[in-house]
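Q: I'd like to ask you about the structure that follows.
The values are calculated or read from the model by the stated rules, or taken from the named source; none is laboratory data. Bear in mind the structure is a predicted one, so any value in this text is a computation, not a measurement. Please note: Cβ atoms are built from the backbone with ideal geometry, for glycine as well, and neighbour counts cover all protein chains shown.
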Amino acid sequence: MATDWHLLENNAADDLNGAVAGGDGTIELTSAAEFPVTGDFLVTVWDANTFFHPGDDDGSGSGDGMEVMLVTGVAGAVLTVTRAQAGTAAVAHGDGDAVELKLMVEHLEQITGAITTLEGYLDQGVKTTSEPTFSKLSLTGGTMMYDGTAFDVLANTSDADDDAVLRIGGGGAYSNTRGAFVTLSGNEYGTNYRGLVVIRAGNIGTGTYSGHIQLQTGDSVVALEIDNAQKCFIYGDLDHDGSNLGFYGTAPIAQALLATGAAATVDNVITALQNLGLVKQS
């Protein structure tokens, strides 16, 4: 949450143009030209003609004592104020009392509070190196965290708001040395893999995966889709550029070379189709 900083301005000071009662929500100055043009900022009001230091104003002068006010709006020379700030009371002030914008403990507390909040978000993870580490990073609408086993990037959602989207994107020129490529890499997995990347659609929390997975072209045209019945749909031509191919669990083989003319028999064709796994004999 962003800090609503109290504004500061060098040498901002003026006098009250009229007396102020303890319950008034506005004060009028002779001129507000030296103050910020909008809120929020703190001002100290006291009888400077009698007391040089605001803290010395015991209410025996023109007003009933010193008061700190929070200015929330400025309209000409009229300031909209919230009374009784910084441990002071809302009291009456006399015409001509001083109104000054001073550096106060509250300004420093805002700074230290923001730093403390930032340290909390970082979870004390910042190192004295060029590569800080974080155990968990909470973002607006999502979370990035590592639990010792998996690294999760999560987009927050709920049953009432299921439109949260997690996007991993690349930009720049079409080159694997620049940002256009997005690579999901898995390290060693088992004995038969150099890596494993799993893409699942569904509820990872309950283990219920019933969504669709689509691969789209640059113009958002679906090229490949796998539905929740494990059916794969290919939209467009299938161009296999590999050297081996197999169907229905058959081990992939190289393209069969059949004789031409009288040497080509139906048995040869059936055998080739069987080897591919496309047909089988009853």
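Q: Quick one: in the range 55-83, which of the residues that are exposed (fewer than 14 other Cβ atoms within 10 Å of the Cβ) and over 17 Å from Gly94 (Cβ atoms) is farthest from the chain's Cα centre (by Cα)?
A: Here the answer is Gly55.
Q: Only one of Thr50, Thr72 is in a strand (DSSP E or B) and β-branched (Val, Ile, Thr). Can you tell me which?
A: Thr72
Q: Checking the conditions here, which among Val37, Val43 is free of Cβ contacts under 8 Å to residues at least 60 places away in the same chain, aliphatic (A, V, I, L, M), under 30 Å from Ile115 (Cβ atoms) and in contact with a Leu (Cβ under 6 Å, 6 or more places away or on another chain)?
A: Only one candidate qualifies: Val43.
Q: Can you name the residue in the range 84-124 that is crowded, with 16+ Cβ neighbours inside 10 Å and polar (S, T, N, Q) and is also nearest to Leu7 (Cα to Cα) among such residues?
A: Result: Gln85.
Q: A further question follows. Closer than 21 Å to Met104 by Cα and polar (S, T, N, Q): which single residue out of Asn11, Asn49, Asn17 fits that description?
A: So the residue among Asn11, Asn49, Asn17 that is closer than 21 Å to Met104 by Cα and polar (S, T, N, Q) is Asn11.
Q: Counting just the residues of the range 249-259 that are more than 14 Å from Leu278 (Cβ to Cβ) and loosely packed, with under 11 Cβ neighbours inside 10 Å, which one comes out modelled with the highest pLDDT?
A: Taking the candidates together, the pick is Ala254.
Q: Name the strands (runs of 3 or more DSSP E) wholly inside the range 187-248 in which the number of residues that are of a type in the set (S, T, N, Q) and modelled with pLDDT under 60 is 1 or more. Before you say what the answer is, go through the steps one by one.
A: Details: elements: 213-216, 222-226, 232-234.
Ranges flagged: none.
Q: In addition: Check the range 31-54 and report whether any residue there is under 41 Å from the mean Cα position of the chain (by Cα), modelled with pLDDT of 95 or more and loosely packed, with under 14 Cβ neighbours inside 10 Å.
A: yes
Q: Could you tell me how many of the residues in the range 224-282 are aromatic (Phe, Trp, Tyr) and free of Cβ contacts under 8 Å to residues at least 24 places away in the same chain?
A: 2
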